[in-house]
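Let me begin by presenting the structure, written as structure tokens, before commenting on it.
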Amino acid sequence: MVRSLRAAALVAAFVSASPVVARPMTATDMQSMHRVGAPEVSPDGKWAVFTISDTDFDANKRNNTLYLLDLTRSGATPQRVAGAEKGHDAVFGSDGALYFLMKSGDRDQLFRMPVGSAPQQISDFGADVSGFKLSPAGDRVIVWADQKDCPDLACAATTFPAKPAGSGRTYDKLFVRHWDSWAEPGTRSRIYAFPIEGGKLTGGGVRLTGQLEGDTPSKPMGGGEEIAFAPDGKTVFFALREAGRIEPLSTNLDIFASPADGSTPPVNLTDANDGTDNLPAVSPDGRTLAYFAMARAGYEADRQVLQLRDLATGQTRALTQGWDRSVGSIEWARDGKSLLVTAEDTLEQPVFRVDALTGKVTRLTKDGHYGNVRALPNEGAVATMNSIMAPDDIYLLNRSGKTRQLTYANRELLAKLDPVTFKKFSFKGANNDVVWGWTLKPGGPQYAAAAKLPVLLLVHGGPQGTFANSWSFRWNPRVFTGPGYAAVSVDFHGSTGYGQAFTDAINKNWGGWPLEDLQKGLAFATANDAQLDADKACAAGGSYGGYMMNWIEGRWPDRFKCLVQHDGVFDARAMAYETEELWFDEWEHGGKPYYEDPQAFEQWNPANYVTAWKTPQLVITSENDFRIPYTQGIAAFTALQRRDIPSRLLIFPDENHWVLKPKNSVQWYDEVFSWLGKYLNGPQ
């Protein structure tokens, strides 16, 4: 029997304390919002340090400012760090001083700054660095940087062959390009260690990865969470996928241990597992290494099971093997008796406590998308939290999970915006499984009284992902409701947060159960809310969601007034040979390359159904997208044009799989709303 979650009309944060709301939210509002970065806390738990970034529309970029927050004083407000406003990646040392990167000359350098004092530059890096880690004792720093095969950071004593006079690059193996960058042969993200002596970093940096060929942190998304010091500072743990001819086919990140001084080569601690191992985190007593492991090689969306390894004996146990959720972050409690983790769970991302001895899991928080959890000495934590209603702010959690908001970064702007109404629902989808979704409706007076609202079906990417109760600075549900549309989303088979079997169900099934879920979910939402106009609907999706727009064109061609397709697969054969991370595309279609099993790819290939296409479509793509290359978008546009279907093509020359630059984001929404307006607002 179809069942629906209780209707919960949630109004945007802070509105209750504001004057009457004035207007719908726009893309410019979204880009104008302050973005709160990940907090780091002092050893005594008194201070948090973090960045807040703001948009410079003239320069078409965002700028960071460093802030401190007193965690012990109720009602404290963030204060700019005088003298270090432009710092970033700040952490506290064991001495209570701040360490951070800040521009000095033409590159970032490391600075040390006791709270209340002036910052002092303590490094003289001879190359650009991407990030750093400070040892617990404050006597050593490791940095990571894109470098060629050099024993030190600056490559000062290394001689390389002369470059050819021409501009061409040559390759003997994949990757030739990754995410949005062409590979530079021999260049990898590598980590280097520097001792601190006399208050300064000394030497040229010792490479800790030895002769390993691979990137640490991993590319394109990895960061400092993939690198950890032991509490005594003598060992560094890092994740790395060894490169070679199999790199585009391998998800086999392993965790390595290296002496912090680089005196001996690194040792692979997880060689026995051919799936992904990542997020190393060492217990406060230094005896236990926590990390997550995926069991299946080649599958990037397998369940991430929390593991504990006894560093003395090497014995490892899967702590959350019996919990059918995927651990997304790991933080040890200060007493070492439990771990604080986040995991997606039915349209939310709560914080959970996992008992280190028994593996018992306790949910600590309720609604919202939590991240950046940092343990405090009193067994509580600070974390960031966002939702569909508002972007990240910093929250204080006590041991039982009771929360208190500490920052209100966008209170004034949010108070000027129309409220929205968010409602979850569930229904019986494909395979008779329970499937979840939500509706988001504009709550301004002009829409609250409207008899009918046009509907926009939003289809998430991944496909192993979720359009959860979370904030996005790219595909933002609140912005989509601005013109007066009711947004509907369905977490179809393949989505995350519902157990691994549900996530796995999309494998070799791209156009099957997910399409059935979308059909049934949209029918359920419109049947159970009389304000949703089932006869006036468009659909939009990016990445896998963009694929689904192309699939809908041929397999559900009479349902929608229009479609918006962003970076979607049009031709499965071309995708199999053009994309860079081959492991993903091959796993999704049965685990073989295209030439060994063409039918597995062609079964769900939108290009095979172009003769049925008829729905007007806006196609959006970007020239620096190497995951789903822009030629896929051009091909879809060509198919639409050749069939005389109303269509429009938007190409960004300076974006990747995502649209990130502020002006480009505003243009993206302008084009999308112009397209939707023709079919949802204009005469029919």
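The values are calculated or read from the model by the stated rules, or taken from the named source; none is laboratory data. If you're wondering where the values come from, they're calculated on a predicted model, not measured in any experiment. Virtual Cβ from ideal backbone geometry, glycine too; neighbours counted across all protein chains shown. Accessible surface is based on the protein model in full, side chains and every heavy atom, while ligands, DNA and RNA are left aside. Shrake-Rupley method; radii C 1.70, N 1.55, O 1.52, S 1.80 Å.
Out of Lys200, Lys173, report the one residue that is closer than 28 Å to Pro629 by Cβ and among the basic types (Lys, Arg). Don't jump to the end; show me each part of the working.
Working: Lys200 fails: closer than 28 Å to Pro629 by Cβ.
That would be Lys173, the only listed residue that is closer than 28 Å to Pro629 by Cβ and among the basic types (Lys, Arg).
When you scan region 621-629, do you find a residue that is touching a strand residue (DSSP E or B) at 6+ places or on another chain (Cβ under 6 Å), β-branched (Val, Ile, Thr), crowded, with 16+ Cβ neighbours inside 10 Å and under 20 Å from Arg555 (Cα atoms), even just one?
Taking region 621-629 as the starting set, the residues that turn out to be touching a strand residue (DSSP E or B) at 6+ places or on another chain (Cβ under 6 Å) are 621-622, 626.
Still in the running and β-branched (Val, Ile, Thr): 621.
Pick out the ones that are also crowded, with 16+ Cβ neighbours inside 10 Å and you get 621.
From the residues that got through so far, the ones that are under 20 Å from Arg555 (Cα atoms) too are none.
Checked region 621-629: no residue is touching a strand residue (DSSP E or B) at 6+ places or on another chain (Cβ under 6 Å), β-branched (Val, Ile, Thr), crowded, with 16+ Cβ neighbours inside 10 Å and under 20 Å from Arg555 (Cα atoms).
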With the first residue restricted to region 256-281 and required to be within 26 Å of Tyr299 (Cβ to Cβ) and in contact (Cβ under 8 Å) with a residue 24 or more places away in the chain, and the second required to be among the β-branched types (Val, Ile, Thr) and surrounded by 23 or more Cβ atoms within 10 Å (Cβ to Cβ), Cβ contacts under 6 Å at 6 or more apart or on different chains are Leu269/Ile255; Asp277/Ile255; Asp277/Thr270; Leu279/Ile330; Pro280/Ile255; Ala281/Ile330
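Would you point out which residue out of Lys219, Lys234 is closer than 18 Å to Asp277 by Cβ and not hydrophobic (A, V, I, L, M, F, W, C)? Before you say what the answer is, go through the steps one by one.
Details: Lys234 fails: closer than 18 Å to Asp277 by Cβ.
From the options Lys219, Lys234, the qualifying one is Lys219.
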Here the qualifying pairs (Cβ atoms under 7 Å; residues six or more apart or on different chains; first in region 398-427 and at positive phi; second at pLDDT 95 or above and among the β-branched types (Val, Ile, Thr)) come out as Gly401/Val351; Gly401/Thr365
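Could you grab me the full set of residues in region 557-588 that are aromatic (Phe, Trp, Tyr) and either buried (at least 19 other Cβ atoms within 10 Å of the Cβ) or in contact (Cβ under 8 Å) with a residue 60 or more places away in the chain (or both)?
Within region 557-588, Phe560, Phe570, Trp583, Phe584, Trp587 meet the criteria.
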Contact list, first residue from region 356-374 and farther than 27 Å from Ala90 by Cα, second anywhere and aromatic (Phe, Trp, Tyr), beta-carbon distance below 6 Å, six or more apart or interchain, is Val361/Trp323; Val361/Phe352; Arg363/Phe352
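Does region 343-364 hold any residues that are within 17 Å of Ser495 (Cα to Cα) and β-branched (Val, Ile, Thr), and which are they?
If we filter region 343-364 for residues that are within 17 Å of Ser495 (Cα to Cα), which is where we start, we get 343-350.
Hit for region 343-364 is Thr346, nothing else.
If only one of Asp271, Asp232, Asp261, Asp215 is in a loop (DSSP other than H, G, I, E, B) and either basic (Lys, Arg) or within 20 Å of the chain's Cα centre (by Cα) (or both), which one is it?
Working: Asp271 fails: either basic (Lys, Arg) or within 20 Å of the chain's Cα centre (by Cα) (or both); Asp232 fails: either basic (Lys, Arg) or within 20 Å of the chain's Cα centre (by Cα) (or both); Asp261 fails: either basic (Lys, Arg) or within 20 Å of the chain's Cα centre (by Cα) (or both).
The unique qualifying residue is Asp215.
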Within region 484-524, restricting to residues that are aliphatic (A, V, I, L, M) and part of a loop (DSSP other than H, G, I, E, B), the one that is least open to solvent (accessible area, probe 1.4 Å) is Ile506
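Need a quick list: strands (runs of 3 or more DSSP E) entirely within region 293-335 having at least 3 residues that are of a type outside the set (D, E, K, R). I'd like the intermediate steps shown before the answer.
Working: elements: 305-310, 316-318, 327-332.
Output list reads 305-310, 327-332.
Here is a yes/no grid of residues against (1) under 20 Å from Asp491 (Cα atoms); (2) in contact with a strand residue (DSSP E or B) (Cβ under 9 Å, 6 or more places away or on another chain); (3) open to solvent by 30 Å² or more (accessible area, probe 1.4 Å); (4) assigned to a loop (DSSP other than H, G, I, E, B):
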| residue | (1), (2), (3), (4) |
| --- | --- |
| Tyr447 | no, yes, yes, no |
| Val455 | yes, yes, no, no |
| Leu458 | yes, yes, no, no |
| Pro463 | yes, no, no, yes |
| Ala468 | yes, yes, no, yes |
| Arg474 | yes, yes, yes, yes |
| Arg478 | yes, yes, no, no |
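For (1) loosely packed, with under 15 Cβ neighbours inside 10 Å; (2) at pLDDT 95 or above; (3) of a type in the set (A, V, I, L, M); (4) touching a Ser or Thr at 6+ places or on another chain (Cβ under 9 Å), each residue gets a yes or a no:
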position	(1), (2), (3), (4)
Ser167	yes, no, no, no
Leu174	no, no, yes, no
Trp182	yes, yes, no, no
Lys200	no, yes, no, yes
The residue from Leu640, Leu649 that alone is open to solvent by 10 Å² or more (accessible area, probe 1.4 Å) and either at pLDDT 95 or above or not acidic (Asp, Glu) (or both) is Leu649
Considering region 142-159, residues that are in contact with a Gly (Cβ under 8 Å, 6 or more places away or on another chain) and among the charged types (D, E, K, R), and then whichever is nearest to Thr235 (Cα to Cα), we arrive at Asp152
Checked region 326-337 for anything farther than 22 Å from Gly494 by Cα and either surrounded by fewer than 23 Cβ atoms within 10 Å (Cβ to Cβ) or aromatic (Phe, Trp, Tyr) (or both); matches are Glu331, Trp332, Ala333, Arg334, Asp335, Gly336, Lys337
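Is one or more of the residues making up region 552-569 among the β-branched types (Val, Ile, Thr) and in a strand (DSSP E or B)?
Restricting attention to region 552-569, the residues satisfying the condition of being among the β-branched types (Val, Ile, Thr) are 552, 564, 569.
Among the residues that remain, those that are also in a strand (DSSP E or B) are: 564.
Scanning region 552-569, I find at least one residue that is among the β-branched types (Val, Ile, Thr) and in a strand (DSSP E or B), so the answer is yes.
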- Message: For the structure I just gave you, tell me whether Ala527 is of a type in the set (Gly, Ala, Ser), without any contact (Cβ under 8 Å) to a residue 40 or more places away in the chain and either touching a helix residue (DSSP H, G or I) at 6+ places or on another chain (Cβ under 6 Å) or open to solvent by 30 Å² or more (accessible area, probe 1.4 Å) (or both).
- Response: yes
Flagged in region 346-392 as open to solvent by 10 Å² or more (accessible area, probe 1.4 Å), part of a strand (DSSP E or B) and out of contact with any Asp or Glu (no Cβ under 9 Å at 6 or more places or on another chain), in numbering order, are Gln349, Arg353, Asp355
Reported set for region 260-311 where residues are closer than 25 Å to Pro231 by Cα, open to solvent by less than 30 Å² (accessible area, probe 1.4 Å) and out of contact with any strand residue (DSSP E or B) (no Cβ under 9 Å at 6 or more places or on another chain) is none
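Would a scan of region 187-202 turn up a residue that is part of a strand (DSSP E or B) and acidic (Asp, Glu)? Quick ask: steps written out before the conclusion?
At the first step, the residues of region 187-202 found to be part of a strand (DSSP E or B) are 188-197, 200-201.
Retained after the next criterion (residues that are acidic (Asp, Glu)): 197.
Within region 187-202, one or more residues are part of a strand (DSSP E or B) and acidic (Asp, Glu).
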Residues in region 107-146 that are buried (at least 17 other Cβ atoms within 10 Å of the Cβ), among the acidic types (Asp, Glu) and part of a loop (DSSP other than H, G, I, E, B) total 0
In region 579-620, anything assigned to a loop (DSSP other than H, G, I, E, B) and within 12 Å of Ile552 (Cα to Cα) is listed as Trp604, Asn605, Trp613, Lys614, Thr615, Pro616
By residue number, the members of region 534-556 that are open to solvent by 30 Å² or more (accessible area, probe 1.4 Å) and closer than 21 Å to Ser426 by Cα are Ala534
Of the conditions (1) free of Cβ contacts under 8 Å to residues at least 24 places away in the same chain; (2) assigned to a loop (DSSP other than H, G, I, E, B); (3) of a type in the set (D, E, K, R), the single one that Asp44 does not satisfy is (1)
Sole miss for Ser674 among (1) in contact (Cβ under 8 Å) with a residue 12 or more places away in the chain; (2) under 20 Å from Thr26 (Cα atoms); (3) open to solvent by 10 Å² or more (accessible area, probe 1.4 Å) is condition (1)
Q. Does Ser472 qualify as being at pLDDT 95 or above and in contact with a Ser or Thr (Cβ under 9 Å, 6 or more places away or on another chain)?
A. no
